[in-house]
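Just so it is clear, none of the values below were taken in a lab; they were calculated from the coordinates. Because the structure is a prediction, the values reported are computed rather than measured. FYI the Cβ positions are ideal-geometry reconstructions off the backbone, even for glycines, and counts take in every protein chain you see.
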Amino acid sequence: MTAVPTHCPYCALQCATTLHPVEGPGAVEVRPRAFPTNRGGLCRKGWTAPDVLTVPDRLTVPLVRNAAGELEETSWDDALDFVASRIKSLQAAHGRDSVAVFGGGGLTNEKAYALGKFARVALRTANVDYNGRFCMSSAAAATNRAFGIDRGLPFPLADLGGADAVLLVGSNLAETMPPAVAHLQGARGAGGLLVVDPRRSATAGLTDDENGIHLQPTPGTDLALLLALTHVVLQESLADNVFLGERVDDPDLLIRSTASWWPERAERMTGVPAATIRRAARVLAAAAPVHGGAGAFILTGRGAEQHTKGTDTVTACINLALVLGLPGRVGSGYGCITGQGNGQGGREHGQKADQLPGYRSIADPAARSHIAQVWGVAAEELPGPGKSAVELINALGTADGPRALLVHGSNLLVSAPNLASVRERLSALELLVVADVVPSETALLADVVFPVTQWAEEEGTMTSLEGRVLRRRAAVAAPGEVRSDLAVFAGLAERLGIPRFSADPAEVFEELRRASAGGKADYSGITWARLDAGEALFWPVPSEGHPGTPRLFADGFATPDGRAHVVPVDHRPVADDLSGQAPLYLVTGRLLQHYQSGAQTRRVPELVAAEPEVFAEIHPRVAAQLGIGDGRPVRLRTARGSMVLPARITPDVRPDTVFVPFHFGGAEAVNELTNDALDPVSRMPEFKACAVQVTAAELGATGVPA
Ligand SMILES: Nc1nc2c(c(=O)[nH]1)N[C@H]1C(S)=C(S)[C@@H](COP(=O)(O)OP(=O)(O)OC[C@H]3O[C@@H](n4cnc5c(=O)[nH]c(N)nc54)[C@H](O)[C@@H]3O)O[C@H]1N2
Ligand SMILES: Nc1nc2c(c(=O)[nH]1)N[C@H]1C(S)=C(S)[C@@H](COP(=O)(O)OP(=O)(O)OC[C@H]3O[C@@H](n4cnc5c(=O)[nH]c(N)nc54)[C@H](O)[C@@H]3O)O[C@H]1N2
Ligand code: SF4
Ligand SMILES: [Mo]
């Protein structure tokens with residue numbers, strides 16, 4: 001077999017790779033491939049991704065829970081028959097919405113599309129949502145309301161390289177997309193890398209040696225900081241007034257909404273010195289085209305977004321970008337750094353509770369009739385908007401809530417907020433079905449487990465953080481009886497009396513093209529043949545002769561009047577704020593070595609050896625107060641729960657902040673402690689900040705959630 005060109009299974013950078021067959025069934029070796037985003041680089045997760053193909057506990061046969069309560073091997077026919085008959089009887093007794101589906105941003109475009117169609121056409125349930133709600137939904141909400149469209153980066157990532165300044169708000173790019181750091185070199189060289197993070201993260205460290213500025217605010221105060229940055233730009237007459245006059249609907253609102261945010265006031269709230277705020281605003285402004293700079297970008301990560309005010313914080317970033325005249329200019333702009341492998345495509349094809357394929361709204365009559373026609377159903381038969389992820393989880397097993405849940409591509413029992421509640425709701429279900437590649441924490445709780453293909457065993461497409469559509473290709477045969485998620489949807493649909501589902505990804509993509517035609521995320525001009533020929537296709541691609549759209553907004557924004565829409569925003573505190581009992585902020589996030597819930601990377605020996613267990617980063621001053629040394633156990637207690645874990649003492653966190661990575665399961669899962677309070681617009685939970693009490697703990701008491 002020859003080398004197969006494909007992309008890494010993990011994050012949205014979608015580094016290009018080639019897979020080479022090696023000895024052993026299902027085994028491959030990975031090598032990086034030259035590509036504009038990763039420039040021949042791979043991170044440690046990418047290098048070791050092939051290990052996950054052949055893990056000893058790989059799921060290879062369908063499992064069903066037997067009378068003794070154990071998961072037992074069964075045939076595909078029996079498993080599909082069983083699930084279909086349970087769905088039928090639950091829906092007959094309790095209505096269509098009694099069955100829910102939960103998807104994932106790691107699924108290919110074809111799978112994400114089929115999942116949404118399966119929910120709306122085969123199950124006819126409104127209850128479908130996905131883990132993207134945990135990820136970038138606040139940025140999506142903010143960009144939709146400002147620009148009328150949401151594509152993570154509305155420009156190619158490589159554009160960053162030419163800029164004099166890049167402001168990263170709550171992104172730890174150096175650990176979460178290491179090869180992307182190459183694109184920050186231009187800004188670093190110009191002294192213009194600005195990093196906002198309550199920790200001195202690896203990315204914040206890139207600002208050392210006069211390469212930029214690290215602004216280290218109190219967690220949850222980015223909004224105040226951004227209002228002050230905008231205030232300085234306006235007050236020091238650094239705004240791009242021509243741009244504001246021509247391309248923004250209401251510039252006065254920008255001025256009024258930031259007028260009272262002078263830097264000294266923001267300093268009191270954020271802890272960032274007023275002088276630093278002024279300096280950062282001037283560096284950013286000097287890089288803007290209006291002042292003859294080479295360009296400036298403002299980018300957000302989860303640190304800005306995973307808050308109950310995440311949508312407003314991103315809006316404040318957009319407003320700052322507007323004041324400086326950045327959006328829609330080549331070499332400048334605002335963007336959200338999408339997270340999951342197909343975090344971008346996953347949000348376009350109808351997994352989301354309120355969406356239909358092509359990034360259409362399920363509440364829009366024209367959208368409904370277009371999609372209904374592609375699906376061969378009547379528009380009235382399509383359900384309306386369903387519940388968002390956390391609201392869906394909270395409704396499971398309640399009197400009028402869903403009684404069955406099908407999960408494809410998420411490990412909720414590690415990654416959803418407030419796990420005690422998640423566990424209770426999942427346990428209250430009458431039927432839990434999980435499709436996965438490994439026995440994840442969530443799969444182990446299921447009544448039925450479907451073993452599915454993973455990246456190197458399947459064909460399909462993914463859409464990267466730049467909105468570029470990429471081909472995923474099969475290099476090895478799947479082990480055992482493994483089938484694609486597409487086969488699960490097709491097999492169940494057929495048993496539910498709906499025979500219109502294909503398990504062939506190429507066929508599904510052809511249907512997706514038709515469904516997306518005319519929508520915001522228009523894929524109708526994209527073919528696998530064009531992708532296979534090496535064309536770089538960024539959506540929208542409205543016809544086969546169309547070259548794609550690497551840069552959006554050149555001729556105007558996607559709003560009715562073509563102007564960016566200003567939404568005035570103001571600061572507010574985190575939902576679960578500090579108290580006498582809980583005087584520090586708990587902040588959660590990522591490590592270089594692990595991916596998400598860790599279902600995959602905790603099975604890779606090299607990565608486990610590097611980061612074997614959960615820990616809490618605490619400041620030396622806090623450690624001294626508690627009288628504990630490095631590696632000693634501490635107990636973290638929040639309003640949701642408590643856990644014991646080793647302390648990692650480091651001056652890199654603020655003294656008022658404790659950082660814990662969320663990649664670990666069971667008693668090591670920090671989501672036992674996190675708050676499931678939601679952003680009112682995006683319905684995204686506040687993973688990034690809540691009040692915590694820290695005490696010295698007993699030895700041997702490690703990791704007991706109370
Ligand atoms: N190694 C690795 N890489 C990944 C992933 C992974 O799991 N592991 N997951 C992928 C996915 S799905 C995503 S979404 C991306 C996420 O990528 P990032 O957004 O870079 O990741 P996080 O570590 O969640 O958060 C970034 C930073 O936000 C900071 N932060 C916390 N609270 C605040 C706050 O209130 N304000 C500010 N300004 N910063 C704050 C944290 O200290 C952290 O350093 O990574 C992708 N890449
Ligand atoms: N405390 C805290 N919690 C967080 C975050 C945080 O920053 N802090 N970040 C949030 C964010 S941004 C995200 S994106 C979520 C992610 O959290 P999850 O939704 O749990 O994501 P993964 O761990 O990637 O889970 C994907 C699962 O799908 C399986 N899988 C892989 N490929 C396929 C496939 O093709 N089909 C199927 N059926 N299964 C597959 C994997 O083995 C794994 O079990 O976590 C969120 N949770
Ligand atoms: S940066 Fe992301 S896509 Fe690239 S190798 Fe690492 S995990 Fe894979
Ligand atoms: Mo994410």
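Worth a mention:
- Each Cα pair of segment 139-336 feeds into the Kirkwood radius, which the Stokes-Einstein equation turns, at 37 °C and 0.692 mPa s, into a diffusion coefficient of 203 µm²/s.
- Gained length - Leu253 relative to Glu507, 0.36 nm times residue gap less alpha-carbon distance: 86.6 nm
- Distance between segment 575-646 and segment 55-98 - C-alpha centres, whole angstrom: 36
- Spin-label model, Asp630 to Arg44: label points 7 Å out along the Cα-to-beta-carbon direction sit 1.7 nm apart.
- Rounded to the nearest 0.05, the FRET efficiency derived from the C-beta distance between Trp76 and Ala366 at R0 = 60 Å is 0.95.
- Here the alpha carbons of segment 483-607 define both size measures, Rg and Dmax, at 22.9, 64 Å.
- Segment 4-54, relative contact order in percent, only Cα pairs under 8 angstrom and at least six apart counted: 32
- Cβ-based charge dipole, the chain, positive-most Cα from Gly401, Tyr10, Ala316: Ala316
- Where both bridge residues fall in segment 584-696, DSSP classifies roughly 65% of the beta bridges as antiparallel.
- Modelled label reach - Glu381, point 7 Å along Cα→Cβ, segment 472-509 residues with backbone N closer than 16 Å: 493-502
- Here, P(r) means the percent of Cα pairs in each 10 Å bin from 0 to the largest distance; for segment 4-54 it is 28, 56, 15, 1.
- Residue-wise HN-Hα couplings along segment 570-575, as the Karplus relation 6.51 cos²θ - 1.76 cosθ + 1.60 with θ = phi - 60° gives them from phi, are 9, 6, 8, x, 5, 5 Hz; Gly and Pro carry x.
- Kirkwood hydrodynamic radius of the chain, from inverse mean 1/r over distinct Cα pairs, in Å: 25.6
- One decimal place: the segment Thr2-Arg265 gains 88.4 nm when fully extended, by the rule 0.36 nm per residue minus the C-alpha distance.
- Range in the chain, longest, excluding exposed GluC sites (Glu not before Pro) [loop by DSSP; at most 10 other beta-carbon atoms within 10 Å]: 211-697
- FRET efficiency for the pair Ala27 and Asp577, taken as 1/(1 + (r/R0)^6) with r the Cβ-Cβ distance and R0 = 51 Å, rounds to 0.50.
- Between Ala68 and Arg500, the C-beta separation translates, for a Förster distance of 30 Å, into a calculated FRET efficiency of about 0.20.
- Rough spin-label spacing in nm, given labels placed 7 Å along Cα→Cβ, for Val608 and Asp209: 3.7
- Rough spin-label spacing in nm, given labels placed 7 Å along Cα→Cβ, for Asn241 and Ala93: 7.1
- Cα-based Rg / Dmax (Å) for segment 505-579: 19.0, 60
- The chain: relative contact order as a whole-number percent, Cα under 8 Å and 6+ apart: 19
- The gain in end-to-end length when the Asp561 to Thr60 segment is fully stretched comes to 175.0 nm, 0.36 nm per residue minus the alpha carbon separation.
- Orientation-averaged projected area, Cα convex hull of segment 138-180 (nm²): 3.7
- Relative contact order of segment 1-93, pairs being alpha-carbon contacts under 8 Å that are 6 or more residues apart, as %: 16
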